[in-house]
Amino acid sequence: PVRRREVVHLMNKHLSRRVVDILRDLGRVGDELELPVYAIGGFARDLLLGGKNDDIDISVEGDGILFAETFANRHGCRIKSHAKFGTAVIVFPDKAKIDVASTRLEYYETPGALPTVERSSLKMDLYRRDFTVNTLAVRLNPQNFGLLIDYFGACRDLKDKTIRVLHNLSFVEDPTRVFRAVRFEQRLNFQIARHTENLIRNAVKMGFLDKLGGRRLLNELIIILREREPVRAILRMESLGLLRFIHPDLVLDSENIRILDEVKKVVTWFELLYQQDNVETWVVYFLALTSLVSDDSFWETCTRLSVSEHYRERLIDMRVHGEQVLKVMEQKAARENTVRRSDIFFWLRSLSLEVLLYIMAKTRREDVRKFISLYVTQLRGVSCSVTGDDLKSMGLPPGPRYREVLDVVLKARLNGEVSTHADELLLARQELARK
Ligand code: CTP
């Protein structure tokens, strides 16, 4: 068993001073209200694994909303509470959040003259959770600060790197857990326990997953595709028969796996270069995952996942447009020795970063990959210094000519034929003069 002192040591080592202070204050407020308070779930799991998890989930044995209000008053936080569920969210001025849930203390009549006993409902609450590794609780009240409560063998499974359900009906109760199992297994580099894996296979075979709504399925898929190692998780989903369940045509062959592996490389490359740019990486993986299915199957996949009509149109457009551009580039690269920078620019400028990364992963041509990389790193930021206002002052009436002339100047700029503002203006004038 992990001792209290070790848990406190892990907190001091892995959490910021501020978070540890908050945890201690939560415990103090608990004492004032005479309520047992615990940090539970993913937070406790990642603490023991020596990782960081800023999502603090608190469980209070008793009135969690009163607890949250009292804490919030003292710390200048706001709260949002749901009386019906006994839950509250404490929101700090800097928008940091803490979730608070209540478990009711239950009173059991004992036979005879003995007094009524209070029994902890924490255990009941934790029993409803998905996997043993998510059932840890860390006591926060001052006297027992850091005391680890492990009812279901979580520490053992963390040590053995095992994902295990608490009971046989877990996946029947909540089929999204099938996907959560894969996610935790791949993220933590654990192994789904044999019996748990059998339960998953059984749930697939018995069609329990069919009951899973599209939205929930999509959410799980998105979370998986946003993880650090989605490809391994995708392969695991395939081996458990989960992809086929999203759409029967989602079968991975070697080409598909190659594209997915390339996406991983390309996304890593991009993130190293542009930490601040936010690309929806899940979209890139989604396009790669569905890369080889027909347009009809793609449409059906989106429908199965309840993708909104608007977003479905966008995804289809990304896919079709990306493929078209890629085809043009590959043909051109195969035919000609030199490709001009302006060609690359005008091929690619209407594509989103997600599509650029996707086709960069998809192409088998090294030269085409280099073109896209050149565009992403250099060309996409290029613009000419001549503006619409300049053309207006040259007397150009409103109309499509603006775009044409500006593109001529931009093209010259990209190919290094003009470099100064004066050169650009001159070129714009010549172009205007030319009918
Ligand atoms: N949970 C569950 N069944 C689900 C979803 C969640 O039992 N279908 C439980 C899990 O035990 C989990 C807790 O609710 O620990 C909180 O869920 P969530 O925030 O999704 O999980 P975390 O463990 O915090 O995962 P992450 O690290 O990805 O945030």
Report task. Output the residue which, of all residues in the range 212-241 that are more than 16 Å from the ligand (Cβ to nearest atom) and assigned to a loop (DSSP other than H, G, I, E, B), is farthest from SER291 (Cα to Cα). Result -> LEU240
Query raised in the report: Does TYR358 count as free of Cβ contacts under 8 Å to residues at least 12 places away in the same chain and in the same structural domain as LEU287 (by TED's automatic domain parsing)?
Result: no
Requested in this report: Return the only residue of LEU252, LEU235 being without any contact (Cβ under 8 Å) to a residue 24 or more places away in the chain and assigned by TED's automatic domain parsing to the domain that holds GLY213.
Outcome: LEU235
Requested in this report: For ARG164, state whether it is surrounded by fewer than 17 Cβ atoms within 10 Å (Cβ to Cβ) and under 21 Å from GLY41 (Cβ atoms).
Outcome: no
**Report entry** All positions within the range 170-211 that are of a type in the set (Asp, Glu), closer than 25 Å to LEU48 by Cβ and within 14 Å of the ligand (Cβ to nearest atom)
**Finding:** ASP174, GLU185
Query raised in the report: Which number in (1) crowded, with 19+ Cβ neighbours inside 10 Å; (2) in contact (Cβ under 8 Å) with a residue 60 or more places away in the chain marks the one condition that PHE346 misses?
Result: (1)
Query raised in the report: When residues of the range 8-39 are filtered for being part of a helix (DSSP H, G or I) and of a type in the set (S, T, N, Q), how many remain?
Result: 1
Query raised in the report: Can you pull out the residues in the range 36-53 that are near the ligand (Cβ under 10 Å from one of its atoms), in contact (Cβ under 8 Å) with a residue 12 or more places away in the chain and over 15 Å from ALA154 (Cα atoms)?
Result: GLY51
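The values are calculated or read from the model by the stated rules, or taken from the named source; none is laboratory data. Quick caveat: nothing in here was measured; it's all calculated off a predicted structure. Here Cβ is always computed from backbone atoms with ideal geometry, including for glycine, and neighbour counts include all displayed protein chains.
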